Amino acid sequence: MTDKRETRAWVDIDLDALAHNYHAIRDWTRHNGDGPVKVLGMVKANAYGHGAPVIGKKLQELGAEMLAVACLDEAVQLRQAGVTIPILCLGQTPVELAGDLLEYDVTQTVGDLELGRALSAAAAAAGKELAIHIKLDTGMGRLGFTWREGSQAATVEEIKALCALPSLRAEGMFTHFAAADEDVDYTELQGRRFQEARAVLAQADIHLKNYHCASSAAVLNYPWTHMNLIRPGIAMYGHYPDPASEIRGEPRLVPVMTLKARVTSVRTMPVGTKLGYGCTATLAKESRVAVLSIGYADGLPRSLSNKLQVKLHGTPCPILGRICMDMCMADVTALPQVRVGDVAVIYDKDLNRIAELAGTITDELVCRVSGRVPRVYWENGARIV
Ligand SMILES: *Cc1c(COP(=O)(O)O)cnc(C)c1O
């Protein structure tokens, strides 16, 4: 009997692959940095589309020391799913929601003194202490206390003032690289700025439990960035973050997600038949055309129209015509055995290539798998939830 979730389009999520990647990354960082390296699992955006509650709990079970999310709602979802390890909220949380940060025991990123003061006041009013990580902007130009040549003195004073606030407990400091996947010099400049900030603050007797800056590309390419905590995202989900690590193929990563869809119709059509919206494909010979029940509303980029090859019975089959909202068509002329109900693999491996075809990055492909697509979890060869 087929699982009800597998009637249209769905993703298989392989938790054994997640465990493999987690351990592979851990082993990769062992003996680097300044002490044992802890893992903060990046589970923002519904764990990159893989389903945050299950992924978050699995990472906790695997021994991750911390998780991180983009916003408070994502953190609350994890707590409600039973995650008990520390959760870092990376985005700004409006001070009116400070009560929720405290109630759900969420560690808040603070990148400016004004927010720090407001959060401290709110925590004091609640009679509690709020855990924070300090965010430094060493060159990303997005969030955080600015640390670059000329701005250091003012920033040190601000961070000292932040750390002196009565109802905040600073447990870490971090920065984010703008180009760890392509620009060594810029990454090293950001790294020097971060280490300088850390040293200057240490002179002011500010020592924190966690220092971190490495997302996947830095984890895989620059051991000096590991410090005592790493923040892998896409690599944990089994995809190489940059061409260099992909060519090296080490550590070996295994894709966690496989996107699948059913064949809902198969017809033989004569030469000259036009297919789909805009008639962008015309059959050059009599062909067998399969309709697949997946479209751009499921997260399959429309920009892959007439470009993607899906797999049926292990054989690549080109998508014909434009991808529609809920369906698309594939040429299965080479596969006379294809029947209604067969399962097409839309993508699993090689997402970097598919992302390039779609004019985007792998991260976006996995994140955009929509809420309509059920997540089916596998562990030890069996469905679990
Ligand atoms: C998303 C994110 C990461 C993880 O990035 P990957 O490239 O997916 O490993 C790390 N740190 C921060 C601040 C992030 O926003």
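Calculate the FRET efficiency for residue 95 and residue 188 from the Cβ-Cβ distance with a Förster distance of 35 Å, rounded to the nearest 0.05. Can you show the working numbers first?
On the way: r = 36 Å, r/R0 = 1.03.
Efficiency, rounded to the nearest 0.05: 0.45.
Give, in nm to one decimal, the length gained when the segment between residue 286 and residue 353 is fully stretched (0.36 nm per residue of separation minus the Cα-Cα distance).
Going from the current span to full extension adds 21.1 nm.
Taking each pair of distinct Cα atoms in region 245-385 once, what is the resulting Kirkwood hydrodynamic radius in Å? Walk me through the intermediate numbers first.
Numbers: mean 1/r = 0.0626 Å⁻¹.
16.0 Å is the Kirkwood radius here.
Select from 324, 54, 215 the residue farthest towards the positive end of the dipole of the chain; place +1 on Cβ of Lys and Arg, -1 on Cβ of Asp and Glu, and compute about the Cα centre.
324
Which whole-number percent is the relative contact order of region 214-325 (Cα, under 8 Å, 6+ apart)? Could you put the intermediate results ahead of the total?
Working: 160 pairs, mean separation 19.7, N = 112.
Normalised by residue count, the contact order of region 214-325 is 18 percent.
Give me the accessible area per residue for the chain, probe 1.4 Å, as a whole number in Å². Spell out each step's value before the answer.
Numbers: 16370 Å² over 385 residues.
With the other protein chains kept in place, the chain gives 43 Å² per residue.
Tell me, how many Å apart are the Cα centres for region 50-65 and for region 318-385?
Measuring centre to centre over Cα atoms gives 24 Å.
What number, in nm² with one decimal, is the all-direction average of the projected area of the convex hull of the alpha-carbon atoms of the chain? Spell out each step's value before the answer.
Details: hull surface 83.9 nm².
Value for the chain: 21.0 nm².
What fraction of the DSSP beta bridges in the chain is antiparallel, stated in percent and rounded to the nearest 5?
50 percent
Just to be sure I understand: of the beta bridges DSSP finds with both ends in region 142-293, what percent are antiparallel, rounded to 5?
Working: 8 of 13 bridges.
Among the beta bridges of region 142-293, antiparallel pairing accounts for roughly 60 percent.
Given an 8 Å cut-off on Cα distances and at least 6 residues of separation, report the relative contact order of the chain as a percent. Don't skip to the end; give the middle numbers.
On the way: 804 pairs, mean separation 72.7, N = 385.
Over the chain, the number comes to 19 percent.
Please give the Cα centre distance for region 205-267 versus region 139-157, rounded to the nearest Å.
27 Å
Taking the full set of protein chains and a 1.4 angstrom probe, give the accessible area of residue 213 in square angstrom, rounded to the nearest 10.
Number for this one is 0 Å².
From the phi of every residue in region 128-145, what ³J(HN,Hα) in whole Hz does the Karplus formula 6.51 cos²θ - 1.76 cosθ + 1.60 yield, where θ is phi - 60° and glycine or proline is x?
Values per residue, Gly and Pro as x: 10, 10, 9, 6, 9, 10, 8, 9, 10, 9, 9, x, 7, x, 10, 10, x, 5 Hz.
Residues in region 66-84 near a label at residue 103, defined as backbone nitrogen under 20 Å from the 7 Å Cα→Cβ point?
Zone members listed by number: 69-84.
Check which residues have an amide H placed less than 5 Å from residue 377's amide H, if you skip close sequence neighbours.
13, 384, 385
Take the Cβ-Cβ distance between residue 271 and residue 246 as r, set R0 to 45 Å, and report the resulting FRET efficiency rounded to the nearest 0.05. Let's see the in-between values first.
Details: r = 40 Å, r/R0 = 0.90.
After rounding, the FRET efficiency stands at 0.65.
Under 18 Å between alpha carbons, and skipping anything fewer than 8 positions from residue 349 in its own chain: which aspartates and glutamates qualify?
Candidates past the 8-residue exclusion: 12, 14, 16, 242, 246, 250, 363, 364.
To one decimal place, what orientation-averaged projected area in nm² is obtained for the convex hull of the Cα set of region 252-303? Display every interim value, and only then the final one.
Details: hull surface 22.1 nm².
The Cα convex hull of region 252-303, projected and averaged over all directions, gives 5.5 nm².
List the residues whose amide H sits under 5 Å from the amide H of residue 305, counting only those 5 or more places along or on another chain, with H placed 1.01 Å from N in the peptide plane.
It is 323, by chain and number.
Carbon-plus-sulfur fraction of the accessible area of the chain, 1.4 Å probe, in percent?
Ligands and nucleic acids excluded, carbon and sulfur give 53 percent.
For residue 210, which sequence-distant residues (separation of 5 or more, or a different chain) have an amide H within less than 5 Å of its own amide H, given hydrogens modelled in the peptide plane?
172, 173
Using only the Cα atoms of region 310-385, each taken as one equal point scatterer with no solvent, compute I(q) by the Debye sum, divide by I(0), and report log10 of the ratio at q = 0.24, 0.25 Å⁻¹.
At q = 0.24, 0.25 Å⁻¹ the computed log10 ratios are -1.36, -1.37.
Put +1 on the Cβ of each Lys and Arg and -1 on the Cβ of each Asp and Glu in the chain; which of 167, 229, 199 then has its Cα farthest toward the positive end of the dipole?
Checking the options against the dipole of the chain, the answer is 229.
Determine ³J(HN,Hα), in whole Hz, for all residues of region 261-267 in sequence, where each value follows from phi through the Karplus function 6.51 cos²θ - 1.76 cosθ + 1.60 and θ = phi - 60°; x replaces Gly and Pro.
Once rounded to whole Hz, the list reads 8, 8, 7, 10, 6, 9, 9.
Cross-link list 160/209; 4/44; 58/128; 57/311; 260/307: which exceed 23 angstrom alpha carbon to alpha carbon? Intermediate values should be presented prior to the final figure.
Numbers: 160/209 16 Å; 4/44 28 Å; 58/128 30 Å; 57/311 32 Å; 260/307 17 Å.
Those over the limit are 4/44; 58/128; 57/311.
Only helical DSSP H runs with n ≥ 4 go in: add -39500 (n - 2.57) per run for the chain, normalise by residue count and round the 222 nm mean residue ellipticity to 500 deg cm²/dmol.
Working: 12 runs with 117 residues, N = 385.
Calculated from helices alone, the mean residue ellipticity at 222 nm is -9000 deg cm²/dmol.
In nm, what is the difference between 0.36 nm times the number of residues separating residue 129 and residue 224 and their Cα-Cα distance?
Working: separation 95, 0.36 × 95 = 34.20 nm, distance 3.27 nm.
Net length gain for the segment: 30.9 nm.
The values are calculated or read from the model by the stated rules, or taken from the named source; none is laboratory data. All figures in this text were calculated on a predicted structure; none of them were measured in a lab. Ideal geometry is used to build each Cβ from the backbone, glycine not excepted, and the neighbour counts take in all protein chains shown. Each accessible area value is taken on the protein alone, full model and side chains, heavy atoms only, with ligands, DNA and RNA left out. Shrake-Rupley method; radii C 1.70, N 1.55, O 1.52, S 1.80 Å.
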